Amino acid sequence: MAIETLNVELGERAYPIHIGRDILNHLPEMLRETGVRGQLGVVTDSNVGPLYADRVVALLGTAGFEVAVHTLDAGEPNKRMAAVEDICGTFLAEGLDRTSLVLALGGGVVGDVAGYAAASFMRGIPFLQIPTTIVAQVDSSVGGKTGVNHPLGKNTIGAFHQPLGVLIDMTLLQTLPERELRAGLAEAIKHGIIADAELFAYMEANAEAILAKSQEALAVPIRRSCEIKAAVVAEDEKEHGVRANLNYGHTFGHAIESVTNYETFLHGEAIALGMVAAGALSRELGLVDDEFYARQRAVFDSYGLPVTWVDLPVDAVIKAMQKDKKARAGTLKFIVADRIGHVIHRTDITEAQVRVALSAISG
């Protein structure tokens with residue numbers, strides 16, 4: 001597979017998404033295309049660093065770059081302001097300055113935290129995404145959302161800071177644990193639900209090959225997800241309108257993560273539960289029928305993603321939802337579906353309707 005390049009069209013801040021197999025070796029060339037000449041900071045985590053950090057440092061060293069590496073403890077619980085302060089401390093100690101660039105080498109947590117550190121360090125330096133998980137490759141590495149969690153809410157501290165580019169090497173997924181792969185695929189399924197009925201049907205029909213990490217099978221959801229995300233971001237960079245479509249299932253899912261202190265479910269698992277609830281809410285509103293609800297639930301089940309949660313703490317989840325960053329003047333915006341491949345925004349949802357939706361995922 002040759003390198004395929006998509007573009008996120010943001011005028012002077014447009015940037016490429018390079019997708020392919022065994023393309024990590026093209027990193028120095030990609031950096032030269034950006035015009036970066038300063039010292040580099042690589043941010044990774046304790047899972048990805050032992051696998052790929054030495055290789056990246058060697059590649060960059062051969063190309064004449066000086067590199068400082070900062071390794072985060074892996075996991076969503078470490079997506080906190082303290083991690084940003086630690087990264088900036090490493091950068092200062094290693095002599096990075098306003099001419100430097102940050103490379104985010106890892107999954108969604110690494111990309112979010114490294115991107116926010118880059119947005120903050122010296123009041124903002126550029127960064128580049130090298131996503132190593134499926135959730136990062138199909139979703140979080142594209143679009144410029146960076147940030148950290150607060151105990152009272154997910155992603156409530158952050159900034160829009162677009163990368164200079166994204167390098168997606170699909171072969172990096174071969175070391176991804178199965179649970180992480182399954183969880184990340186929830187976001188690709190989401191893209192089908194919100195924007196592309198054909199992608200959804202593809203995910204339904206090819207679960208076995210995708211879960212077996214077939215490069216050919218994975219190429220379709222990765223490429224199409226990036227196309228969808230790039231188009232949405234180009235139209236609505238800072239989520240004033242259509243970009244909110246990407247939050248399908250996330251109002252429920254983020255609340256589930258919050259009430260479990262980010263320790264029970266991986267992000268994609270919580271979002272899968274959230275999308276089942278969002279489908280139930282869509283049905284409760286009369287927008288979709290039982291067939292839609294059953295089809296959506298079945299595809300998550302086929303990928304080994306949770307569709308119910310035993311002893312779901314409904315009151316706690318509702319309370320957490322009220323702190324969601326998407327709330328406006330105390331009113332929650334829900335993204336609901338009216339068919340496979342299309343969603344709409346609703347702000348007239350009652351607590352009773354939310355309880356009905358949550359009952360659908362209560363085990």
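The values are calculated or read from the model by the stated rules, or taken from the named source; none is laboratory data. Quick caveat: nothing in here was measured; it's all calculated off a predicted structure. Positions of Cβ are generated from backbone atoms using ideal geometry, with glycine treated the same way; all protein chains shown enter the neighbour counts.
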*Can you tell which of Ala82, Ala2, Ala58 is over 20 Å from the mean Cα position of the chain (by Cα) and either assigned by TED's automatic domain parsing to the domain that holds Ala230 or outside any helix (DSSP H, G or I) (or both)?*
Ala2
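Conditions (1) touching a strand residue (DSSP E or B) at 6+ places or on another chain (Cβ under 8 Å); (2) assigned by TED's automatic domain parsing to the domain that holds Ala201; (3) surrounded by fewer than 21 Cβ atoms within 10 Å (Cβ to Cβ), marked per residue:
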{"position": "Ala280", "(1), (2), (3)": "no, yes, no"}
{"position": "Val314", "(1), (2), (3)": "yes, yes, yes"}
{"position": "Phe334", "(1), (2), (3)": "yes, yes, no"}
{"position": "Asp348", "(1), (2), (3)": "no, yes, yes"}
*Matching residues, segment 58-83, being more than 16 Å from Gly158 (Cα to Cα) and crowded, with 17+ Cβ neighbours inside 10 Å*: Leu59, Leu60, Phe65, Val67, Ala68, Val69, His70, Thr71, Leu72, Ala74
_Condition first: among the small types (Gly, Ala, Ser) and either outside any helix (DSSP H, G or I) or at positive phi (or both). Now tell me which residues in segment 204-247 satisfy that._
Ala212, Ser214, Gly241
*Please verify whether segment 102-120 includes one or more residues that are in the same structural domain as Leu31 (by TED's automatic domain parsing), more than 30 Å from Pro221 (Cβ to Cβ) and at pLDDT below 95.*
no
*What number of residues within segment 37-52 are assigned to a helix (DSSP H, G or I) and either buried (at least 19 other Cβ atoms within 10 Å of the Cβ) or in contact with a Leu (Cβ under 6 Å, 6 or more places away or on another chain) (or both)?*
2
*asked:* Residues that are within 14 Å of the chain's Cα centre (by Cα), closer than 23 Å to Ala159 by Cβ and not β-branched (Val, Ile, Thr): does segment 268-282 have at least one?
replied: no
*Just wondering, is there one or more residues in segment 209-228 that are farther than 15 Å from Ser141 by Cβ and touching a Gly at 6+ places or on another chain (Cβ under 7 Å)?*
no
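The rows are residues; the columns are (1) more than 29 Å from Ala209 (Cα to Cα); (2) touching a residue at least 12 places away in the same chain (Cβ under 8 Å); (3) not small (Gly, Ala, Ser).
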{"residue": "His267", "(1), (2), (3)": "no, yes, yes"}
{"residue": "Ala270", "(1), (2), (3)": "no, yes, no"}
{"residue": "Gly274", "(1), (2), (3)": "no, yes, no"}
{"residue": "Ser282", "(1), (2), (3)": "yes, yes, no"}
{"residue": "Asp289", "(1), (2), (3)": "yes, no, yes"}
{"residue": "Gln296", "(1), (2), (3)": "no, yes, yes"}
{"residue": "Phe300", "(1), (2), (3)": "no, yes, yes"}
{"residue": "Tyr303", "(1), (2), (3)": "no, yes, yes"}
_Can you pull out every residue in segment 131-177 that is among the aliphatic types (A, V, I, L, M) and over 14 Å from the mean Cα position of the chain (by Cα)?_
Leu152, Ile157, Ala159, Leu164, Leu167, Met170, Leu172, Leu173, Leu176
*Extreme residue, surrounded by the fewest Cβ atoms within 10 Å (Cβ to Cβ), among residues of segment 92-130 that are over 21 Å from the mean Cα position of the chain (by Cα) and assigned to a helix (DSSP H, G or I)*: Arg123
*When Thr260 is evaluated against the numbered criteria (1) within 22 Å of Leu152 (Cα to Cα); (2) crowded, with 18+ Cβ neighbours inside 10 Å, which criterion, by number, is the only one it fails?*
(2)
_Close pairs (9 angstrom Cβ cut-off, 6 or more residues apart or separate chains): in the same structural domain as Phe121 (by TED's automatic domain parsing) and under 10 Å from Ile17 (Cα atoms) in segment 156-176, of a type in the set (Ser, Thr, Tyr) and in a helix (DSSP H, G or I) anywhere_ = Leu164/Thr34; Gly165/Thr34
*Pick from Val307, Val336: which is outside any helix (DSSP H, G or I), within 19 Å of Leu246 (Cα to Cα), of a type in the set (Val, Ile, Thr) and in contact (Cβ under 8 Å) with a residue 12 or more places away in the chain?*
Val336
*Would it be correct to say that Thr34 is of a type in the set (Ser, Thr, Tyr), surrounded by fewer than 15 Cβ atoms within 10 Å (Cβ to Cβ) and touching a residue at least 24 places away in the same chain (Cβ under 8 Å)?*
no
*Give the residue, chosen from Gly304, Gly363, that is within 23 Å of Glu291 (Cβ to Cβ) and touching a helix residue (DSSP H, G or I) at 6+ places or on another chain (Cβ under 7 Å).*
Gly304
*Mind checking whether some residue in segment 147-155 is modelled with pLDDT of 95 or more, within 21 Å of Leu266 (Cβ to Cβ) and either outside any helix (DSSP H, G or I) or not assigned by TED's automatic domain parsing to the domain that holds His267 (or both)?*
yes
*When residues of segment 160-186 are filtered for being assigned to a loop (DSSP other than H, G, I, E, B) and among the hydroxyl-bearing types (Ser, Thr, Tyr), how many remain?*
0
